[in-house]
1. Got a sec? What order do 242, 87 fall in by accessible area at 1.4 Å, biggest, i.e. largest, first?
2. Label the chain by shape, choosing from rounded, prolate and oblate, from the square roots a ≥ b ≥ c of the eigenvalues of the Cα gyration tensor; if a/c is under 1.5 it is rounded, and otherwise prolate applies when a/b is larger than b/c, oblate when it is not.
3. If you take every residue apart from residue 317 with its C-beta less than 14 Å away from the C-beta of residue 317, what net charge results, scoring Lys and Arg +1 and Asp and Glu -1?
4. Please give the direction-averaged projected area of the C-alpha convex hull for region 316-360, in square nanometres with one decimal.
5. With labels modelled as points extended 7 Å from the Cα through the Cβ direction, what inter-label distance (nm, one decimal) is found for residue 222 paired with residue 291?
6. Applying 1/(1 + (r/R0)^6) with R0 = 30 Å to the Cβ-Cβ distance of residue 338 and residue 172, what FRET efficiency is obtained, to the nearest 0.05?
7. Would you work out if region 154-252 is rounded, prolate or oblate? Take a ≥ b ≥ c from the square roots of the eigenvalues of the alpha-carbon gyration tensor; rounded if a/c is under 1.5, else prolate when a/b is larger than b/c, oblate otherwise.
8. Can you give me the orientation-averaged projected area of the convex hull built on the Cα atoms of region 203-313, in nm²?
Amino acid sequence: MTAPGGFEGIWNRPVGSTSPESPVYFPAMTVSRRTFVETGAALAAGGLLGPLPAFRKGQATRVVVVGGGAFGGWAAWYLLKAGMQVTLLDPWGPGNSRSSSSGETRIFRATYGLRVFTQLAARALTLWQEHEKRWNRTLYVRTGSLRVKSVDDERLEQAAMPLLKEAGLTLEPLSLADAARRYPQVSFEGVKKVFFEREAGFLHAREATRLVVEQFVAAGGTYRQVAALPGEKTAGRLTGVTLSDGTTLTADHYVFACGAWLREIIPEVVGDLIRPTRQEVFYFGTPEGDNRFNEPQMPVWVDSDKRVFYGIPGNRGQGFKVADDSRGPRFEPTTGDRLPTPEGLANAREVLARRFPALKDAPLLEARVCQYENTQDGTFIVDRHPLAKNMWIVGGGSGHGFKHGPAVGEMVAGLVRGEREAEPAFRLARF
Ligand SMILES: Cc1cc2nc3c(=O)[nH]c(=O)nc-3n(C[C@H](O)[C@H](O)[C@H](O)COP(=O)(O)OP(=O)(O)OC[C@H]3O[C@@H](n4cnc5c(N)ncnc54)[C@H](O)[C@@H]3O)c2cc1C
């Protein structure tokens, strides 16, 4: 399905939304679903959709989770932990190469200009560490994050510092002299400001996404490799999902966490509220025996100039990761061409030459294309379908969702159990 006009104009601006750089970015844009969502909310508030499906006496509540990425996998895990009978569905498997949760690494950081995200990241960090212990696996590698600013704009950092402090985390300014002393492998030429986030680092993305589902199954959850589409909605409830093997599946609640596919799976609500963009990622080879570009000597980094680039060090010899955070062209996640472009490679090389001179001619080891699933404000959607009380929509990671996975999963379980209200910042009604 295609989004209405105006997509490129709005989404290809050189300024990123919230990932991993700017505080919040609200482009002026009319969203036609407002009336629809408001009507749904009004119906729900007026009780016209009927009561929430009751927790069935003597039997576990059944939940179907559609989509096994970072959001769906963790949601399934927390729903199972809450005592529900959970079936997780994905047509290609957790962390598959079409999904946004694919690829080996993702940055963990809590530097945001919005309290809700700093708090969510702080909660997620606690949960990542708790699960590392539980499962005896390293999923989070703390390296710190070096934020290098060639632009004279530190609004994000100034907004973030008190929020991090409140959450027990630290973002601190570094003088250029200190930065150069600590990181001699980095050139700070043309840099105006440097900040360091102490608890930032990276997550083993694909590995963690698969592990969550493995553990979910080991703990009694059901995983099936099939695609699902919502069935009929009757009396304010979704009655089931239709599966790609021709069967249907029914449950008490349904969680749709299908990343970039949400727009076509729930077009009546999500549609163009989520816009997938094509993002290129490159991995460069470091010199023999030279550990300056591996953790722990090199932290994750964000370089803000006219565009925002970011990267992740060595990661088990995968290479020095460099990616452009500017939103690429619109992307179709099932069949989209995933061959990186020469322009993307040239841009990544330019950053290498400027910021990491010893890697100027480093060989390219790997490259991949992944999609961001952007909302217009870079903020997630975690809310109930306005016309079906037992149907939840979870997505809009917008290029920074991975780190929040466990905290989002925990949030979803609370919502489905009726123990909490949807976070206002993540509600559909904001559009
Ligand atoms: C290049 C890149 C860099 C990023 N960097 C960072 C970072 O540094 N830090 C960070 O925190 N975040 C980062 N992100 C964002 C983060 O990875 C995503 O926001 C997050 O992984 C989204 O997870 P998800 O579960 O919503 O979506 P996905 O991982 O896409 O999962 C959705 C799942 O739904 C499945 N599905 C599709 N159709 C159906 C169907 N019909 N039925 C059932 N299942 C279906 C898919 O197969 C997929 O597995 C980055 C993303 C990209 C692409």
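1. The most accessible residue leads, giving 242, 87.
2. Note, shape of the chain comes out prolate.
3. Residues near residue 317 contribute -3 overall.
4. The number I arrive at for region 316-360 is 4.5 nm².
5. Label at residue 222, label at residue 291, 5.0 nm between them.
6. Result of the calculation: an efficiency of 0.20.
7. prolate
8. 11.9 nm²
The values are calculated or read from the model by the stated rules, or taken from the named source; none is laboratory data. Note that the structure is predicted; figures quoted are calculated from it, not measured. Glycine gets a Cβ as well: all are built from the backbone with ideal geometry, and neighbour counts include every protein chain shown. Keep in mind that these areas ignore ligands, DNA and RNA; they rest on the heavy atoms of the full protein, side chains included. Shrake-Rupley method; radii C 1.70, N 1.55, O 1.52, S 1.80 Å.
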